[in-house]
Amino acid sequence: MKLRGLYAITDSQLLADGKLLPYVEAALDGGARLLQYRDKSDDDARRLREAEALRALCERYGATLIINDDAELAARLGVGVHLGQTDGSLSAARALLGRQAIVGATCHAQLELAEQAVREGASYIAFGRFFQSNTKPGAPAATLELLEQAHARFSQPIVAIGGVTLENAPELIARGASLVAVIHALFSASSAAEVAKRARAFSELFATP
Ligand SMILES: Cc1ncc(COP(=O)(O)OP(=O)(O)O)c(N)n1
Ligand SMILES: Cc1nc(C(=O)O)sc1CCOP(=O)(O)O
Ligand SMILES: [Mg+2]
């Protein structure tokens, strides 16, 4: 599977009040290729229910669901996982989920973390945050130069995250990002129709000339 395009990430605040499914469906309709379910609560029953609903939506749109932080939930659903530096072992997740699963890794702004992630079987390596992030303002900063270095060094797909907007995404793609991961610039919209419009605009940035 080619990992390229818009990587939409859910947000519990922005998608509260019944917006989760309609807004995610709009993002998928607009062309998002990967969808990450990112929910930091410990309500396991709701998390399972929501993740199952998102898996059904992803299947309908030919997109891929990734669960943030929780390899066990990913295994239960038969989908991929994204792990940060304190979210558990990448190799254990790879062993649990199998060779075909997408296992993504946060590498902040460090090529050494990416080397390690690739050794442990990561499917993609994620760097960030590249710009000021509404969602995670305290995330360590990464530079466009780092992105170029990562692009030159690794054959794995590179995800750029953190403050990505329609205005700054082109320079990330030009410097080697295969996927742009977006929360606020996608899901802060005031309607599902606006989410679909934004998703379509992000997706069009990846169209081959
Ligand atoms: C695609 C992608 N990249 C980075 C992150 C951040 O992961 P992490 O550092 O574990 O932080 P949390 O998202 O868990 O708060 C991500 N989720 N997705
Ligand atoms: C979840 C997350 N991780 C980051 C990192 O740098 O690792 S930045 C981030 C938030 C991304 O949301 P927004 O598109 O609203 O900035
Ligand atoms: Mg995490």
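The values are calculated or read from the model by the stated rules, or taken from the named source; none is laboratory data. Remember, predicted model here, so these are calculated numbers, not experimental data. Backbone-built Cβ (ideal geometry, glycine too); neighbour counts: all protein chains shown. The protein model used for the area step is the full one, side chains on, heavy atoms only, and it has no ligands, DNA or RNA in it. Shrake-Rupley method; radii C 1.70, N 1.55, O 1.52, S 1.80 Å.
Just a few scattered comments:
Residue-wise test of (1) within 16 Å of ligand 3 (Cβ to nearest atom); (2) over 30 Å from Leu144 (Cβ atoms); (3) free of Cβ contacts under 8 Å to residues at least 12 places away in the same chain.
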position: Glu52; (1), (2), (3): no, yes, no
position: Leu73; (1), (2), (3): yes, yes, no
position: Leu83; (1), (2), (3): yes, no, no
position: Ser91; (1), (2), (3): no, yes, no
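- Listed here are the helices (runs of 4 or more DSSP H) enclosed by segment 138-209 that have at least 3 residues being touching a residue at least 24 places away in the same chain (Cβ under 8 Å) and within 30 Å of Gly18 (Cα to Cα): 184-187, 192-204.
- Filtered residue count, segment 1-59, keeping only those that are under 11 Å from Ala199 (Cβ atoms) and open to solvent by 30 Å² or more (accessible area, probe 1.4 Å): 3
- Unmet criterion (only one of (1) surrounded by 18 or more Cβ atoms within 10 Å (Cβ to Cβ); (2) out of contact with any Asp or Glu (no Cβ under 9 Å at 6 or more places or on another chain)) for Gly138: (1)
- Here Leu34, Leu65, Leu6 are screened, and the one residue that is out of contact with any Ser or Thr (no Cβ under 7 Å at 6 or more places or on another chain) and under 17 Å from Ile183 (Cα atoms) is Leu65.
- Taking first residues from segment 120-131 that are open to solvent by less than 20 Å² (accessible area, probe 1.4 Å) and partners that are basic (Lys, Arg) and more than 16 Å from ligand 3 (Cβ to nearest atom), the Cβ contacts under 9 Å between residues at least 6 apart in sequence or on separate chains come to Ala122/Arg94.
- Scan of segment 135-164 for residues that are within 13 Å of ligand 2 (Cβ to nearest atom) and among the hydroxyl-bearing types (Ser, Thr, Tyr), ordered by number: Thr135, Thr143
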